[in-house]
Each structure stands twice: as C-alpha cells, then as structure tokens.
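Shown next, in structure tokens, is the structure this report addresses.
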Amino acid sequence: MVRKAKLRTGTALGALMAVGAVAGCGQSAPDPHDTAPGPRASHSASPAAPKAPPTLAPGPGGLAPVFANGPRNDGKTVALTFDADMTADQGERAAGGERFDHPELIASLRHLKVPATVFMTGRWAEEYPDQARAIGADPLFEIANHSYSHHAFTGDCYGLPRVAESEMRADVERAYTAFRTAGVKKAMPYFRFPGGCYDDAALRAVSAAGVTAVQWDVVSGDAFATDADAVAQQVLDGVRPGSVVVMHCTRSAAPTTERALRRIVPALREQGYRFVKVSELIGAASRKG
C-alpha cells in the first residue's frame with residue numbers, strides 16, 4: 001500500500017509536485033559561520049568524539065523508521081521544516097534565469113533566531129553550492145536529505161517521475177555526495193520522500209542508507225498560496241506540542257511563506273512554544289521510546 005502524506009488543502013501542493021516546481025531556499029551572501037574560527041583545541045586533552053545525530057530504530061523487517069512528530073507531553077516544542085526540492089530536470093529553467101532560492105526567508109529565520117531543518121535535494125545543492133554550504137555551516141540550521149532528483153519513490157505520487165526500486169538507495173546517497181561536494185560538512189541522517197509518498201518497498205530501500213524517514217503532522221498550505229495570513233492561520237490552527245510543520249522556501253512557487261513566517265513565529269512564541277530542529281524532536285522521541 002502506498003502511503004501518501006496529506007500535503008495540501010485544495011490542489012495547490014499537488015500541482016506543485018505534478019509540475020516539478022521547486023521549493024528552494026538559500027542565502028547567496030557569504031555567511032560569517034563559514035570563516036569564523038572555532039575554539040582552540042587543548043594540546044593536553046584528547047578531542048571528544050563527535051556525537052552522532054539521534055535516529056530511530058528500524059521497523060519490522062528492516063524497514064526505515066518513519067517519524068512524523070515528537071512527543072506530545074515533552075514541552076511545547078515545534079519544528080519548522082523547509083523543502084528545497086529542485087528536480088533533476090530543471091537545469092534549463094535555472095540557466096534561463098529562474099531562481100529557486102529565497103534569501104529573504106533564510107534572512108528572516110536568522111533575524112527571528114528560529115532553528116529550522118532544510119530538506120534539500122542534491123540537485124539543489126549542485127545549483128546553489130555556496131548557499132548550501134552557508135546553510136550547512138550555520139548552527140541555527142541543519143540540512144537533511146530530500147533525494148537527489150525529487151523523483152517519486154512510489155508509482156502514484158502527484159505525477160512525479162518514478163525512481164526504480166533498484167536505484168532508490170543510490171538516489172539518496174547521490175544527494176549526500178552532492179552535499180559534500182558543495183562543502184556541507186554535516187548532513188543529517190534524515191530523509192524526506194518527495195511528495196511524502198512511500199510504501200514498504202521504498203522504506204526497505206532507503207533503510208539501507210541508514211536514514212530515518214521524516215514526514216510531518218502540520219501542512220502549511222504555502223505552495224502557490226497568495227494569502228500569507230491564511231497560510232499562517234493554517235499553521236497556527238494545526239500546531240500541537242511536538243509538531244513538525246512542512247513549508248517551502250522559493251520565490252516563485254511559495255511566494256507568501258516569508259510573510260507568513262513573520263506572523264507564525266511571534267504568535268507561537270506568545271503561546272509558549274519553543275522552536276527546535278527535527279533532530280531535537282527525534283532525540284526526545286528516542287529517549288521516550
């Protein structure tokens with residue numbers, strides 16, 4: 001059975017997936033975190049081993065675990081996630097001047113001091129390596145995998161071309177290679193299926209790449225939206241403790257997201273919510289599990 005995430009209210013996001021329109025984000029200006037020196041290591045102490053990002057245990061039959069939200073009883077936390085889903089066949093559009101980034105959105109997240117997780121395709125990282133590197137170097141953000149090609153991992157997923165089952169693991173790993181080539185030093189072991197569509201065969205294939213599949217429980221409805229207030233209200237109505245919100249960051253396919261963000265963030269903070277990255281919610285879920 002194909003599991004297809006509830007992506008939209010109406011047809012907007014389904015249309016986005018069907019035509020392969022992107023939801024990119026980035027910051028073209030140099031980022032201070034790229035060049036800021038780190039703390040000097042003591043010559044008398046051994047460096048601590050890097051702490052591995054939290055993941056969930058595989059499911060029955062070796063299927064990749066699926067995470068949609070954090071604990072509901074572990075404080076008022078919420079994770080905002082942004083999909084940067086440039087597809088493999090959009091190079092000509094980029095060469096023709098179409099922009100798949102949204103520097104204003106990233107700047108607003110920084111100004112508002114909001115941690116966020118960016119689910120990035122490998123093709124997006126290839127198109128915007130400087131931006132991918134800057135996002136990955138900023139401790140406010142974390143980069144996770146949204147496939148290389150943004151092609152579907154099931155046969156019925158909003159009209160997206162399909163990745164062959166035998167190529168699914170390679171597609172995931174190719175995205176990580178693109179991140180490394182762009183200079184991203186630490187990409188998280190989290191994977192979001194294009195279109196949110198998956199089945200057991202897809203979970204089995206990506207499990208071999210060692211990832212936790214990350215879905216969501218709150219749909220922003222920002223794709224092709226023209227009313228920022230409506231997007232913000234949909235998020236505010238849906239958020240519960242531990243929620244994962246799916247949003248997009250592009251100048252063309254989700255033009256209202258940055259304006260909606262400026263309403264969402266103060267409203268949720270006023271309600272007592274704390275913004276976290278997906279990794280913090282997965283860590284909380286793994287401790288409670």
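The values are calculated or read from the model by the stated rules, or taken from the named source; none is laboratory data. Keep in mind the model is a prediction, meaning the values are calculated, not measured. Here Cβ is always computed from backbone atoms with ideal geometry, including for glycine, and neighbour counts include all displayed protein chains. SASA here: full protein model, heavy atoms, side chains in, ligands and nucleic acids out. Shrake-Rupley method; radii C 1.70, N 1.55, O 1.52, S 1.80 Å.
Percent of accessible area on segment 156-249 owned by carbon and sulfur, 1.4 Å probe?
Working: 1630 of 3560 Å².
After summing per-atom areas, the C and S share lands at 46 percent.
With all protein chains kept in place, the per residue accessible area of segment 134-211 amounts to 36 square angstrom at a probe of 1.4 angstrom. Partner lysines whose Cα lies under 18 Å from the Cα of LYS277, excluding those fewer than 8 positions away in the same chain, are identified as LYS51, LYS76, LYS113, LYS185, LYS186, LYS288. For segment 179-185, 3J(HN,Hα) computed residue by residue from phi via the Karplus equation (6.51, -1.76, 1.60; θ = phi - 60°) reads 4, 4, 4, 6, x, 6, 7 Hz, glycine and proline entered as x. For PHE119, nonlocal amide neighbours, meaning residues 5 or more places apart or on other chains whose placed amide H falls under 5 Å from its own, are PHE82, ASP83, ALA84, ALA144. Close amide H pairs (under 5 Å, H built 1.01 Å from N) link VAL276 with VAL78, ALA79, LEU80, residues at least 5 positions away or on another chain.
Around the Cα centre of segment 160-257, unit charges on the Cβ atoms of Lys, Arg, Asp and Glu (plus for the first two, minus for the last two) sum to a dipole of about 540 debye.
So, with +1 on the Cβ of K and R and -1 on the Cβ of D and E, and no other charges, what is the size of the charge dipole of segment 46-197 about its Cα centre, to the nearest 20 debye? Write out the running numbers ahead of the final one.
Values: 16 positive and 18 negative charges, 133 e Å.
Charge dipole, segment 46-197, about its Cα centre: 640 debye, nearest 20.
All other residues whose Cβ lies under 13 angstrom from that of ALA64 are scored, Lys and Arg at +1 and Asp and Glu at -1, for a net of +2.
Evaluating 6.51 cos²θ - 1.76 cosθ + 1.60 at θ = phi - 60° for every residue in segment 255-264, the Karplus couplings come out as x, 9, 4, 5, 5, 4, 4, 5, 8, 4 Hz, glycine and proline recorded as x.
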